[in-house]
Amino acid sequence: MKKSFLCAGLILPLAACSPAQEQPSDAPAAAAGASAAASASGESGRAGIERRLDGLVADLVKEHHGAEVGIALTDAQGTLAAGAPGKGPAWSTIKVPIAITALRDGATTDLVDAAITESDNDAAYALWSKVKWSEDNATAAIDEVLAEGGSKATWQKPDANGDVSFGYAEWLIKDQATFAAHLNCVADHKQVSRAMGDIVEWQQYGLTALDNTRAKGGWGFDEDSGRYTQRQFGVLDVGDTKSDAHGSIGIALTVVYNDMDDFGSEQDAYDDAVKALDDAAGDLKDMISEGIDDGTLTPVHDCDGLPRAHATSAPDHASEKGASVSAATSSEPASSSRRPAANSARN
């Protein structure tokens, strides 16, 4: 059932909207045509996975209004990616490294939980402010956290007051997947990881709906470019911790609509993007399970070689959504725990 939404307006780096009421997410749909063909072709190894990713992207583009779709997977051997690289705003996905940095600077866990589990923009701005007033250079401090996970982002220039529109940071999906795969290697990640595994129900779609996955989403309409974007990234915890196959696989997704004329409203674009993320996530989990079974994919289970200022040599593999799957199988003020508006929302 459609819901109505009320926009609070553009304030500081990002706008946010609060809904009139919640709306259940749509059920996943299959998008496996070309990717299944890749599997059936007998092509094996990482080249086979790359071809399946290409096929999945092609299916999603075809089935979802010609959207720009990008997928990245990171394991211990590196990153495999297909489709769009994820240029443009990272939206609320950037709250993850901000929250970790803020915890190091003494932020409360209540703020972290609100910013991650509910994607509350007031809480996120409070975390950003904590970093800003605790560090000589806020973005440099967050960059250190990103580097501990082998990642990086590009920030907008500060305004006259030193504020940065952090939701507009560019964080490519290959870098997001890398960070996710090595999240357990980042010091002070535990509270944020727990929050990523406890996302509120109305945001549980795509990666956030998968078992054994800690993930964060973000979405928004960029009025300057006219592009509507949904982003998600997360870590899939795989294998029994007592087995050699245990560890983490990083995943990042982007869905971008360049032509809003295909939709009656931004809410319609939001709903279609949710379906696209559901389609992608289900197929990816099967693909990853098969890749681990046949040895093509190797979960990340140590932190060797990562640039890190604080991380320990061994990661913490605590799944936040139950037992792990078997190897055999911006500144953004004014939000709420209710579903944010798709129209004009930045989240």
Local net charge near residue 63, Cβ-Cβ under 13 Å (Lys/Arg +1, Asp/Glu -1): -4
DSSP-assigned coil residues among trypsin sites (Lys or Arg not before Pro) in region 214-252, each with at most 15 further Cβ atoms within 10 Å: 242
Computed Rg/Rh of region 28-293, alpha carbon atoms with Kirkwood Rh: 0.96
Packing-based order for 98-106, 156-164, 81-89, 260-268, using average beta carbon neighbours within 10 Å, highest first: 98-106, 81-89, 260-268, 156-164
Cα centre as origin, Lys/Arg/Asp/Glu Cβ charges: region 28-293 dipole, Debye: 700 debye
Over region 28-293, relative contact order from alpha-carbon pairs under 8 Å, at least 6 apart, %: 23 percent
Nearest-20 debye value, region 160-307 charge dipole, Cβ charges on Lys, Arg, Asp, Glu: 640 debye
Length added when fully stretched, residue 260-residue 62, from 0.36 nm per residue minus Cα-Cα: 69.7 nm
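Bear in mind that the values in this text are calculations on the coordinates, not laboratory data. This is a predicted model, so every value here is computed, not measured. Backbone-built Cβ (ideal geometry, glycine too); neighbour counts: all protein chains shown.
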